[in-house]
Amino acid sequence: MAVSTSSTTSRSTSALRPLRRRAAARSGRSWGTAYLFLAPGLLLFLALIVYPVLLAFRMSFYDWKVVKGAVSPFVGLDQYSRAVADPVLHKAAINTGFYLVATVPPQLALGMLLAVLLNRAIRGRVVFRALYYLPVITSWVVVSLVFEYLFNSQAGLVNHVLVDWLHVIGSPVDWLGSRWPAMVTLSLLGIWKGVGWSMLIFLAALQAVPAELLDSAAVDGAGPVRSFFQVTLPLLRPVIAFVTVMLVIGGFNVFISVFVMTNGGPANDTEVVLTYMYKQAFSFLDFGYGSAIAYLLALVIFALSLAQMRLFRYDREVGE
């Protein structure tokens, strides 16, 4: 009987082998087709992203020469040491930090407030959503030029309103001609342009909050404010973490508005890290130093993003 059972099992296994081979062949063809469709995008990613990133990392260790045939001497960590001791880069880092502090909290708070208001059944909320999101999709160059006109020291609309209409100040303010007024102007532009994005993300998260939880809180006697802070806000913690990380990364990437409105002037007073890096690489052709600044900036962004995710316990929330 045992022999019969063993022979039956052997015949069954032999019969299954062709089926397994055919299944493996079909699976191989499926993977091959998938890789065939992925290949163009993967090649573009390697050519346009990975290769430049690796080349920039290599350039940061050389006094890179762009002249054909010129020898680029290896300087090791000298470019990074130069960046750490550069006073203009220090000023640019302070300006970037100011921009972060001035733009990230208002975008979080205003975005949440607008999302809560537009999540209600109010008349014309679709139109309001579109209007608040419109600056997000508007060209940075266009809005920078508009703000440059609005805050012009001579013929700007803001000075005209403050001096001639409201009589708040006695003389026009040189908004873009000195350091901190210019940084305030740039920050106002960043808030105005970015708050719609935060609003949209928070609005989507609010619509995903289970209605049963809010109904239970109302039955327990919680009002709208208490229900928001004790029920809705804790559920939005992963979303708040995501928005905060993205806004901080976006704040470090501020470039176009500064480049268009002040170009880092006067006397490098409104320089930010990216504009200074751009000038070193493409104005002074010091690609090695520009690459070193870029990698230092990437390291700072990575460390801050990791710290924020740990602070919000983002990983654990996502896992749950």
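The values are calculated or read from the model by the stated rules, or taken from the named source; none is laboratory data. None of these values were measured; they are calculated from a predicted model. So basically every Cβ, Gly included, is an ideal-geometry build from the backbone, and we count neighbours across all protein chains shown. These accessible areas exclude ligands, DNA and RNA; they are computed on the full protein's heavy atoms, side chains included. Shrake-Rupley method; radii C 1.70, N 1.55, O 1.52, S 1.80 Å.
Summary table
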item: Pairwise label distance in nanometres, Tyr149 with Leu77, each label 7 Å out on the Cα-Cβ vector; result: 5.1 nm
item: Rounded Å value of the spacing that divides the Cα centres of segment 161-237 and segment 58-107; result: 33 Å
item: Exposure ranking of Asp86, Asp78 by accessible area [1.4 Å probe, largest first]; result: Asp78, Asp86
item: Estimated FRET transfer efficiency when R0 is 22 angstrom, pair Ala204-Arg123 (beta carbons, to 0.05); result: 0.55
item: Helix 140-150 vs. the chain, principal-axis angle (Cα, 0 to 90°, nearest 10); result: 20 degrees
item: Exposure rank, largest accessible area first [Tyr149, Tyr278; 1.4 Å]; result: Tyr149, Tyr278
item: Listed residues Arg123, Arg179, Arg237 arranged by accessible area, highest first, probe 1.4 Å; result: Arg123, Arg237, Arg179
item: Nitroxide proxy distance, nm - points 7 Å out along Cα→Cβ at Gln230 and Val141; result: 5.4 nm
item: Peptide ranges 306-312, 164-170 listed from the most packed, as the mean C-beta count within 10 angstrom indicates; result: 306-312, 164-170
item: Full-stretch length increase - Val161, Ile301 - with 0.36 nm per residue and alpha-carbon distance subtracted; result: 46.5 nm
item: Semi-axes of the equivalent ellipsoid for segment 50-111, Cα gyration tensor, largest first, Å; result: 35, 16, 9
item: Note, ³J(HN,Hα) from phi for segment 263-270, Karplus 6.51, -1.76, 1.60, rounded to Hz, x at Gly and Pro; result: 6, x, x, x, 6, 6, 5, 10
item: Sequence-distant lysines (8 or more away, or on other chains) whose Cα lies within less than 30 Å of Lys68; result: Lys279
item: Nearest-0.05 FRET efficiency for Asp174 and Val66, computed from C-beta distance (R0 35 Å); result: 0.40
item: Per-residue [θ]222 nm for the chain (sum of -39500 (n - 2.57) over DSSP H runs n ≥ 4, rounded to 500); result: -22500 deg cm²/dmol
item: Label point distance in nm, Arg310-Trp31, each placed 7 Å from Cα along Cα→Cβ; result: 3.7 nm
item: Segment 145-245: C-alpha gyration tensor shape, a/c 1.5 cut-off, then a/b vs b/c; result: prolate
item: The chain, dipole about Cα centre (Lys/Arg Cβ +1, Asp/Glu Cβ -1), debye to the nearest 20; result: 1840 debye
item: Protein accessible area in segment 191-320, 1.4 Å probe - carbon and sulfur %; result: 67 percent
item: Gyration tensor (Cα) of segment 238-312, equivalent ellipsoid semi-axes in angstrom; result: 27, 15, 8
item: Computed Kirkwood radius, in angstrom, where 1/r is averaged over Cα pairs of the chain; result: 24.6 Å
item: Heavy atoms of Leu235: accessible area, 1.4 Å probe, square angstrom to 10; result: 80 Å²
item: Crossing angle, helix 179-207 versus the chain [Cα axis fit, 0-90 degrees, rounded to tens]; result: 30 degrees
item: Cut-off under 5 Å, modelled amide H: who pairs with Lys65 long-range; result: Ser72
item: Ordering of 239-245, 185-191 by packing [mean C-beta count within 10 Å, highest first]; result: 185-191, 239-245
item: Relative contact order (%) - criterion: Cα under 8 Å, at least six apart; region: the chain; result: 25 percent
